[in-house]
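Input: a single structure, listed below in structure tokens.
The values are calculated or read from the model by the stated rules, or taken from the named source; none is laboratory data. It should be emphasised that the depicted structure is a prediction, and the values quoted were computed from it without experimental measurement. Here the Cβ positions follow ideal geometry from the backbone for every residue, glycine too, while neighbour counts run over all protein chains shown. Surface accessibility is based on the protein's heavy atoms, side chains included, excluding ligands, DNA and RNA. Shrake-Rupley method; radii C 1.70, N 1.55, O 1.52, S 1.80 Å.
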Amino acid sequence: MRRTRKERGLARGQEKDQLLVKLLKADAPYEELKRALLELEKRWLREAKTEVERQLTRRGIAEELVSQAYAFDMPWEEFGQWLRRVQRLGFSNLALRVHIACLYVQSLHLFPRRAREAWDMLEDAERRVLRIRKEHFLRKESLNAIAHAKKVATVSRPASR
């Protein structure tokens, strides 16, 4: 019996999560984690039947690699590579756009010259969140995340030109 796209997506999410948990429990270095995620992406791309599935796969792995690059305090060359890829592919959803913008602002101590771009990205995400209905859980959750990122950021927003 063939699985639906939703079922395949859930199965892939569980597979990725199990892989990450295994590697993090083993205290694997970033390079090993990155290699494992890229191997997973490669396999999923071979199994994908449509270009849409391939796009979703690339996007999901890139979003995960941004998060992992942040968690491992990677320099701009690594963090920026995955951030640019996500920007090129588009974000999976608004929650991930907010998440990645928050990570970018919070990692500016590693690459402070990127401050204007990072803060612009966070402000763009905030504008998008403010367009959500006030009662929607995602609005409150996202605004809390944005407020936290602003509070803990060690590099402040550059003055306007």
Qualifying residue in the stretch 59-68 (condition: open to solvent by 30 Å² or more (accessible area, probe 1.4 Å), in a helix (DSSP H, G or I), free of Cβ contacts under 8 Å to residues at least 40 places away in the same chain and assigned by the TED database to the domain that holds ASP17): yes
Helices (runs of 4 or more DSSP H) contained in the stretch 91-161 and holding at least 1 residues more than 19 Å from SER67 (Cβ to Cβ): 115-130, 137-152
Any chance ARG88 is at pLDDT 95 or above, part of a helix (DSSP H, G or I) and open to solvent by 20 Å² or more (accessible area, probe 1.4 Å): yes
Filter pass, LEU56 being open to solvent by less than 20 Å² (accessible area, probe 1.4 Å), assigned to a helix (DSSP H, G or I) and either modelled with pLDDT of 95 or more or not β-branched (Val, Ile, Thr) (or both): no
Hits in the stretch 124-139 - residues which are among the charged types (D, E, K, R) and open to solvent by 60 Å² or more (accessible area, probe 1.4 Å): ARG127, ARG128, ARG131, ARG133, LYS134, GLU135
Filter result (closer than 23 Å to PRO75 by Cα, without any contact (Cβ under 8 Å) to a residue 24 or more places away in the chain and part of a helix (DSSP H, G or I)) within the stretch 9-37: LEU23, LEU24, GLU31, GLU32, ARG35, ALA36
